[in-house]
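The values are calculated or read from the model by the stated rules, or taken from the named source; none is laboratory data. Just so it is clear, the model here is predicted, and its values are computed rather than measured. For neighbour counting, all protein chains shown are included, and Cβ atoms are generated from backbone atoms with ideal geometry for every residue, glycine included.
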Amino acid sequence: MRRAGLFISFSALLSPRPIALSSWFFRLARLLPLLSLAGVGPHPASLWAHVGPRASVHDTVTAVLDRLSRTLPEDGLRRLTAAQALTLLTSAERETLGEDHLRYRVNLPVTVTVLTDRRLGAEPFWLSERGFQRTGLALEYGSLQFDAWERDFPPGPIGLGVNSLGGGGEHYLVLLKPSSPGGELVIDELYPGQLRVADFVPGVPPYADREETLAEVPPQLAGRKLLRTLRGSREDGRLLGVFRWTDYPASERPDQVVLTWSGDPQTSQAIQWRTRTGVRQGYLVYARRAEVHTVYPRRFERVKARTEPLRDLRLLNDPVVHRHRVELTGLTPATTYVYAVGDGSRRGWSEFREFTTAGAGPAPFSFVYMGDAQNGLDRWGSLVQGAFRQRPDAAFYLLAGDLVNRGNQRDDWDSFFHNARGVFDRRPLVPVIGNHECQGGHPTMYLEQFALPRQGPPGLEPERAYALRYRNALLVVLDSNLQLAAQSGWLAQQLATTNVTWKFVAYHHPAYSSTPGRDNAAVRAAWTPLFDQYHVDLVLQGHDHAYLRTYPLKQGQRVASPAEGTVYVVSVSGTKMYEQAARDYTEVGMTRVSTYQVLDLQISGDRLLYRAYDADGALRDQLVIEK
């Protein structure tokens with residue numbers, strides 16, 4: 001959502017009649033002893049942690065989807081509408097989805113205004129059912145329009161329902177004011193705990209999980225309190241479009257084999273793969289290529305994998321698979337190994353593949369960098385396969401976030417791995433977390449599928465930010481979805497204590513963007529002074545879905561050569577494209593072209609040759625940096 005002004009118009013305001021809210025506290029008090037005696041249901045403390053005696057919204061949605069998947073035919077699931085879904089809810093489910101999405105308590109009689117995204121039409125369904133009435137107020141926020149619904153409430157607890165059953169749209173906004181003058185309004189006992197209360201004034205962020213602010217507040221709404229809701233929870237009640245079918249279901253044969261690093265690239269290698277759940281255990285066999293004299297796995301070193309389920313219960317034709325992981329350590333630097341994965345049986349092995357550990361000292365090497373894959377993964381697959389054919393010498397592949405479009409939906413990952421087959425099982429993948437990996441607020445599936453270094457910033461969830469040294473280069477991977485300042489001290493330490501010749505930093509949201517409307521001022525303020533101080537050579541980014549290479553920059557200003565400043569690159573490797581505006585820091589800009597970039601570090605003379613290629617293998621940009 002962009003920072004924008006607010007414009008408002010009123011028609012005749014209606015005065016809704018107050019409707020008493022049922023006392024869920026008393027119902028809970030009566031129910032807890034029964035649950036305790038019966039020994040069923042969640043622990044009483046967990047009930048209080050939700051919102052009352054009813055199941056949580058999350059558990060209710062899960063139960064409804066489970067029932068629908070078992071009772072409706074495939075065609076019925078595909079064609080389900082919000083109106084039809086509403087008729088399939090029980091009264092208890094309808095009540096939970098209409099009252100328990102968020103809750104708070106007020107000390108005075110209040111008028112509650114709910115501002116809903118007009119694109120949602122008749123949703124949220126519970127507004128009219130619970131006595132909210134349209135006020136005739138129309139609110140515009142940037143390009144979005146919100147309709148206002150109001151209702152009076154007495155003092156006490158107030159619960160509001162889910163944003164929609166159909167999904168999409170922005171989350172509704174909530175304003176409160178005392179129904180009559182006198183007394184100070186207190187809003188407390190917020191659920192979920194991330195909700196916040198603020199004065200509805202210019203500069204206030206409407207959402208508690210977003211930084212964008214309102215530039216203006218119309219006088220007609222002055223003096224109200226804003227309950228800052230969570231934009232990330234707008235899909236919590238979604239029942240439509242959630243049932244999916246993967247085109248690439250798992251089998252007993254290993255697939256989705258991918259190499260990553262969780263330790264030193266000189267002496268370690270992580271290998272991950274997938275099977276059906278019927279394969280309960282995985283194994284890896286490996287040996288130095290120079291010492292291989294037989295194809296029989298029993299002559300190789302054999303390692304038992306860590307096997308864990310990966311669940312996507314809305315993926316009807318393959319809801320649970322097994323992910324197998326082996327993290328090898330103590331390997332010999334600059335050595336090629338052959339390996340195979342399987343279930344341990346004589347005929348249950350994959351084909352043999354190879355990986356090569358990094359050397360211990362300076363030597364020429366290359367790696368491939370790509371921006372967002374995200375959409376059109378079949379065409380992206382052609383690009384990555386072409387990069388591998390053209391540059392088989394590349395040591396690894398760096399992807400700068402948004403590897404997939406829907407980060408917690410496994411069918412997207414199935415397509416990603418399928419289209420990259422034959423590449424990431426032979427060259428390690430170095431991934432960066434983008435905003436699309438954080439679908440639902442947390443990159444759960446991303447973290448469950450990749451073994452990555454755990455030595456990131458203190459206090460930060462492991463594997464979201466990390467550093468790798470490869471020969472005479474340092475690569476620092478950051479997570480631009482998180483609090484930036486929390487990573488800055490660790491970033492400075494990584495850059496200050498290394499003795500490498502080349503320094504690269506990769507993250508998703510660009511410090512210097514393609515268009516003013518996608519500016520990331522917070523990234524620029526937090527990290528570019530450190531890039532200046534410690535002279536980072538290249539910053540590799542994604543997110544903007546266009547190609548951009550800046551002039552060398554220092555303190556935001558163009559300098560004469562890369563020896564004096566940092567070059568920032570944005571690229572896209574998928575099929576989703578954005579327009580690009582003229583920027584004074586842009587040296588090369590391109591739109592509507594998917595590219596991959598090859599960075600050749602030629603140690604002789606300390607020279608770096610950077611080149612960008614399109615899907616046809618045509619050279620589209622190049623840069624030489626000499627130390």
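For the range 376-387, indicate whether the set of residues that are assigned to a loop (DSSP other than H, G, I, E, B), out of contact with any Asp or Glu (no Cβ under 9 Å at 6 or more places or on another chain) and modelled with pLDDT of 95 or more is non-empty. No, there is no match, as no residue in the range 376-387 is assigned to a loop (DSSP other than H, G, I, E, B), out of contact with any Asp or Glu (no Cβ under 9 Å at 6 or more places or on another chain) and modelled with pLDDT of 95 or more. Ser179 falls short of the stated requirement of being hydroxyl-bearing (Ser, Thr, Tyr) and out of contact with any Pro (no Cβ under 7 Å at 6 or more places or on another chain).
How many residues are surrounded by 17 or more Cβ atoms within 10 Å (Cβ to Cβ), over 31 Å from the mean Cα position of the chain (by Cα) and assigned to a strand (DSSP E or B) if we restrict to the range 310-339? Total meeting the criteria: 3. For the structure I just gave you, tell me whether Val186 is of a type outside the set (D, E, K, R) and either free of Cβ contacts under 8 Å to residues at least 40 places away in the same chain or buried (at least 17 other Cβ atoms within 10 Å of the Cβ) (or both). Taking the combined requirement at face value, the residue does not satisfy it. Suppose the filter is of a type in the set (Ser, Thr, Tyr), assigned by TED's automatic domain parsing to the domain that holds Trp349 and surrounded by 18 or more Cβ atoms within 10 Å (Cβ to Cβ); does Thr307 pass it? Considered against the rule, which asks whether it is of a type in the set (Ser, Thr, Tyr), assigned by TED's automatic domain parsing to the domain that holds Trp349 and surrounded by 18 or more Cβ atoms within 10 Å (Cβ to Cβ), Thr307 comes out as no. The residue that is surrounded by the most Cβ atoms within 10 Å (Cβ to Cβ), counting only those in the range 581-603 that are within 19 Å of Val368 (Cα to Cα), among the polar types (S, T, N, Q) and modelled with pLDDT of 90 or more, is Gln597.
The number of residues in the range 343-375 being aliphatic (A, V, I, L, M) and either in a helix (DSSP H, G or I) or surrounded by 18 or more Cβ atoms within 10 Å (Cβ to Cβ) (or both) comes to 4.
Of all the residues in the range 447-475, those that are out of contact with any Leu (no Cβ under 6 Å at 6 or more places or on another chain) and free of Cβ contacts under 8 Å to residues at least 40 places away in the same chain number 12. Screening the range 592-615 for residues that are part of a loop (DSSP other than H, G, I, E, B) and touching a residue at least 60 places away in the same chain (Cβ under 8 Å) and picking the one that is farthest from the chain's Cα centre (by Cα) gives Ser604. Just one of the listed residues (Gln493, Gln533) is of a type outside the set (Val, Ile, Thr) and more than 22 Å from Ile625 (Cα to Cα), namely Gln493. Scan the range 213-229 and give yes if some residue there is in contact with a helix residue (DSSP H, G or I) (Cβ under 8 Å, 6 or more places away or on another chain) and touching a residue at least 12 places away in the same chain (Cβ under 8 Å), otherwise no. Within the range 213-229, not a single residue is in contact with a helix residue (DSSP H, G or I) (Cβ under 8 Å, 6 or more places away or on another chain) and touching a residue at least 12 places away in the same chain (Cβ under 8 Å). Counting only strands (runs of 3 or more DSSP E) that fall entirely inside the range 519-570 and contain at least 2 residues that are free of Cβ contacts under 8 Å to residues at least 24 places away in the same chain and surrounded by fewer than 19 Cβ atoms within 10 Å (Cβ to Cβ), no element qualifies.
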